[in-house]
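The values are calculated or read from the model by the stated rules, or taken from the named source; none is laboratory data. Predicted model only: the values in this text are computed from it and were never measured. Every residue, glycine among them, receives a Cβ derived from its backbone with ideal geometry; neighbour counts consider all protein chains shown.
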Amino acid sequence: MSWLLHLTVERESRIPLALQIRSALRDLIESGTLWPGTRIPSSRQLALDLGVSRSVVVEAYEQLTAEGYLHTRHGSGTTVSLRARPAESTASTLVPPDPEPAPEAMWDLRTGTSNVLDFPRQEWVRCVTAVVSAAGPDELSYAPPSGVPLTRRVLAGYLGRVRGVRSSPENLMVTSGFAQGLALVCKVLVDRGHRTLGVEDPGHPAEREFVTSSGLRPVGIPVDADGLCVDDLEASGVRAVLVTPGNQFPTGVRLSQQRRERLIAWARAVDGYVLEDDFDSAFLHRTDRLPALQSLAPDHVIYAGSASKTLAPALRLGWLAAPSELMSSIEYVRAGWDIGCSGLEQLAFARFIDTGALDRHQRRLRTEFYRRRQLIRRQAADALPGTRVVGRNSGLQTYLELPPTIPEPALVRAARTRSVLVRGGTFYACTDTPRPPALVLSYATVNCAGLAQSLSALAVEYRRLATGNGPG
Ligand SMILES: Cc1ncc(COP(=O)(O)O)c(C=O)c1O
């Protein structure tokens, strides 16, 4: 058995060694165990490892190269041929696929993206370097599944400071993004007998899929200009609800003060839970800021946040602050899942917060996003007459209502032909409730210059459809 490849040869067999190696390697490639592009050991290394003569391995490699399984390039070794097996798609779960495959486009205004172009590389690397350099045996070992105690302490302080969240290190958990927090909460709700979860309509389609695959049936609760309609929630019969109260996704409305109070009263009356998804609170404009809903009722609201929008989704960093009696169940489930997130990354994040780097970075992004949003408002008013920006001045996307005469799918399709990728409001709808046509324009990754160009391109198609000359 080789150490370098999952491959065995039998010296006593009547089958020649070169043939054994060739068949075993071909099986590994055909079964997908060896992925296209994987570098395999040199013939010298493999021969040494297996204790066979090098010419035997060379013969097997040559045969597989001739058959198209391997690719050999002078100086860069031998790899599994890229044509050996078709690559499969690796779509991310929180970024749902579009109904039609996206062409190469100049401007991507679809939600689900983050401003990773401005990821603060140097500051992050400084924190990682400091943490890794100082790490002792404790830091390099297993942390509690809920997260590194120091990081939970820093996070509890930070969330209290910026969002008024009432938590302690004991009822905070570091999760692999909001997605894992949601899955954990759903699992605990299922274990406690819940069968349904209220979700906002419109809302995040991929989150609804998460909820469904956790064993809960999502029940759409309408959203109006004041946020989630609590009357409908009361009538729905659910006892737990997922909301984005600070800045509703995707409409950008805020849950009004009166609705916040009614939502909490509902949670108390049904002895239920509100899961508060506070994913983009870093980009709340000054005039839109209210403390986290959790601050009103920490015993009924589970607060969840994420570094995906402020730093990068690739970090997979999120957090949950849950009522103590729920946290022990969440911890129990988590311990059976993955025993926690990367301890070193959590420590780097704690340092990033402690040194003020997160505050500085978010301030920069906030200013820039506000500028982008204002540009969309101005340009929509000038070039897309009859449209209306729904929602306030915060966040990463604009919900733009269209006049009833503009067919939403036709505008989305026409935008593609102008190299603008955008989604219509129906993409986010959870029920068939009739709504005005709309576009949802994310400005996370497109700067002001790009937005100006993409909105001009959009305006051409808009005018064409408005005057009845559209492709239909
Ligand atoms: C509504 C909403 N909540 C939360 C998140 C963050 O999810 P995660 O932390 O799993 O990346 C996103 C990211 O796109 C989102 O759109």
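Which members of segment 409-424 meet the condition of being farther than 15 Å from A459 by Cβ and free of Cβ contacts under 8 Å to residues at least 40 places away in the same chain?
Scanning segment 409-424 gives P409, G424.
Mind listing just one residue for me: the one in segment 201-228 that is part of a strand (DSSP E or B) and among the acidic types (D, E) and, of those, nearest to the ligand (Cβ to nearest atom)?
D201
Conditions tested, residue by residue: (1) of a type in the set (S, T, Y); (2) out of contact with any helix residue (DSSP H, G or I) (no Cβ under 6 Å at 6 or more places or on another chain); (3) crowded, with 20+ Cβ neighbours inside 10 Å.
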| residue | (1), (2), (3) |
| --- | --- |
| R126 | no, yes, no |
| S146 | yes, no, yes |
| L159 | no, yes, yes |
| V165 | no, no, yes |
| V174 | no, no, yes |
| G181 | no, yes, yes |
| T212 | yes, yes, no |
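Just need a number here: residues in segment 244-296 that are free of Cβ contacts under 8 Å to residues at least 60 places away in the same chain, hydroxyl-bearing (S, T, Y) and within 16 Å of the ligand (Cβ to nearest atom).
Here the count works out to 1.
Could you tell me whether segment 151-174 includes any residue that is touching a Cys at 6+ places or on another chain (Cβ under 7 Å) and either in a helix (DSSP H, G or I) or not acidic (D, E) (or both)?
yes
From the list G181, G147, which residue is part of a loop (DSSP other than H, G, I, E, B), closer than 15 Å to A307 by Cβ, under 22 Å from the mean Cα position of the chain (by Cα) and not hydroxyl-bearing (S, T, Y)?
Only one candidate qualifies: G147.
So the check is Cβ under 8 Å with 6+ separation or different chains; which pairs have a first residue in segment 187-212 that's free of Cβ contacts under 8 Å to residues at least 40 places away in the same chain and a second one that's assigned to a helix (DSSP H, G or I) and among the hydrophobic types (A, V, I, L, M, F, W, C)?
Taking only residues 6 or more apart or on different chains, the pairs are V211/L182; V211/C186.
Could you give every pair whose Cβ atoms fall below 6 Å, whose first residue belongs to segment 311-329 and is closer than 30 Å to D118 by Cβ and among the charged types (D, E, K, R), and whose second residue is within 10 Å of the ligand (Cβ to nearest atom) and outside any loop (DSSP other than H, G, I, E, B), counting only separations of at least 6 or pairs across chains?
Correct list of pairs: R316/G177.
Please count how many residues of segment 224-237 are of a type in the set (A, V, I, L, M, F, W, C) and either surrounded by fewer than 24 Cβ atoms within 10 Å (Cβ to Cβ) or not assigned by TED's automatic domain parsing to the domain that holds R163 (or both).
4
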